[in-house]
Structures are given as structure tokens and as C-alpha cells.
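S.K.: I have a structure here, written as C-alpha cells, and I will follow up with some questions on it.
The values are calculated or read from the model by the stated rules, or taken from the named source; none is laboratory data. This structure is a prediction, so every number in the text was calculated from the model and none was measured. Neighbour counts run over all protein chains shown; Cβ positions are idealised from the backbone, glycine included.
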Amino acid sequence: MFSAMYIAHSWKDVERYLEDLLAGNDPLLERRQEIGQKIYTTHKGAADKIAERILEDFNQSLR
């Protein structure tokens, strides 16, 4: 994830990054999108899996 982040070491860096991003200059955009897609693919359906596991655990506790 860090490879897709801008790291500011000073306030001047922050200003420069913001100016670039507001101007539409975002060289790391594609990398962030790749990482986002990978995270989405890996965790797709996670909420359903968690809910199913909770229900399974509850049902087992009733036995």
C-alpha cells in the first residue's frame, strides 16, 4: 500500500502534492486502483461470510 501513497516530509511537500493532485497530476493513481481492486477481490463477500459464521456459531451453541 505504501507504494501507492505520497509521503510528505515537510509542509512544502504537502502543498506540492496537493497542487499536483488538484491539477489532475496523480502518477500513483493507477497503482492505488490496482491495490483497491486486489483488496476488493480478496475481501469480496466478507460481510456475508462473517454473518454466516456468527449464525453457525449461534446455532451450535443451542445444541
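Quick grid of which residues meet (1) assigned to a helix (DSSP H, G or I); (2) free of Cβ contacts under 8 Å to residues at least 24 places away in the same chain; (3) over 21 Å from the mean Cα position of the chain (by Cα):
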site: ARG16; (1), (2), (3): yes, yes, yes
site: ASP26; (1), (2), (3): no, yes, no
site: TYR40; (1), (2), (3): yes, yes, no
site: ALA51; (1), (2), (3): yes, yes, yes
site: PHE58; (1), (2), (3): yes, yes, yes
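S.K.: Among the numbered conditions (1) in contact with a helix residue (DSSP H, G or I) (Cβ under 7 Å, 6 or more places away or on another chain); (2) assigned to a helix (DSSP H, G or I); (3) surrounded by 11 or more Cβ atoms within 10 Å (Cβ to Cβ); (4) of a type outside the set (Phe, Trp, Tyr), tell me where ALA8 comes up short.
M.R.: So the condition that ALA8 fails would be (2).
S.K.: Additional query: Would you please name the residue that is farthest from MET5 (Cα to Cα), looking only at residues in the range 33-63 that are among the basic types (Lys, Arg) and either modelled with pLDDT of 90 or more or surrounded by 10 or more Cβ atoms within 10 Å (Cβ to Cβ) (or both)?
M.R.: Applying the first criterion (among the basic types (Lys, Arg)) to the range 33-63 yields 38, 44, 49, 53, 63.
Applying the additional criterion that residues be either modelled with pLDDT of 90 or more or surrounded by 10 or more Cβ atoms within 10 Å (Cβ to Cβ) (or both) yields 38, 44, 49, 53.
Values: LYS38: 16, LYS44: 23, LYS49: 30, ARG53: 35 Å.
Among those residues, the one meeting the criterion is ARG53.
S.K.: What number of residues within the range 19-29 satisfy the criterion of being exposed (fewer than 10 other Cβ atoms within 10 Å of the Cβ) and either touching a strand residue (DSSP E or B) at 6+ places or on another chain (Cβ under 6 Å) or of a type outside the set (A, V, I, L, M) (or both)? Walk me through it before giving the result.
M.R.: Taking the range 19-29 as the starting set, the residues that turn out to be exposed (fewer than 10 other Cβ atoms within 10 Å of the Cβ) are 22-24, 27.
Imposing the further condition that a residue be either touching a strand residue (DSSP E or B) at 6+ places or on another chain (Cβ under 6 Å) or of a type outside the set (A, V, I, L, M) (or both) reduces the set to 24, 27.
Of the residues in the range 19-29, 2 are exposed (fewer than 10 other Cβ atoms within 10 Å of the Cβ) and either touching a strand residue (DSSP E or B) at 6+ places or on another chain (Cβ under 6 Å) or of a type outside the set (A, V, I, L, M) (or both).
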